[in-house]
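Readers should treat all values here as calculations from the given coordinates under stated rules, not as data from a laboratory. Note that this is a predicted model, so its numbers are computed, not measured. Neighbour counts run over all protein chains shown; Cβ positions are idealised from the backbone, glycine included.
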Amino acid sequence: MAWPIACRRLEEFPSISAAQLFDELCAQFPGRFTRKQYKTLARHVSAWRQAAQARGVAVGPKTYRLSDKPRGRRPSIFEHDWEEMTQCLEERPDQTALELLVEFQARYPGRYTLHQISTLQRRVRAWRQQAVQQLIGAIDLHGTAHHADASGPKRVTF
């Protein structure tokens, strides 16, 4: 198992970052680790640091961040077509993010891939939550709609 080796390395250099440690382990054991296992190692390193500080080991600041400035994010990949996507969602609110992505892949060949499905699922989930909040805002606590017509307020049942 690689964790005892990682612990020895952390004892030698308590301020080593989890990314540096992972890269060293990947070099020492080629083909054994995947990038998906990095988060698990990072959690173990964080727990090790907390335990080491409790034992009295001087753990310096993490070395992976060169500045205190927050890192930027990529521009939104769906920004150009988001209004058109929301129109599709308003027309068919039961449409899944996958169906929407396939539809836009057909409309704009080469612009979107299936690798972007989780991003679109997050955007669609946020859109649905916002739509539900707007719908709830249109109905008061007594179950009546805020709009009134000639026949008076209508009761909404769920």
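Observations on the structure shown:
- Over region 8-52: Kirkwood hydrodynamic radius from C-alpha pairwise inverse distances, Å: 10.8 Å
- Å³ per residue enclosed by the Cα convex hull of region 82-137: 71 Å³
- Of 132, 124, 102, the sequence from fewest to most neighbouring Cβ atoms within 10 angstrom is 132, 102, 124.
- Proxy reagent accessibility, fewest Cβ within 10 Å first, across 80, 44: 80, 44
- Near residue 122, once Lys and Arg are set to +1 and Asp and Glu to -1 for all other residues with Cβ below 15 Å from its Cβ, the sum equals +4.
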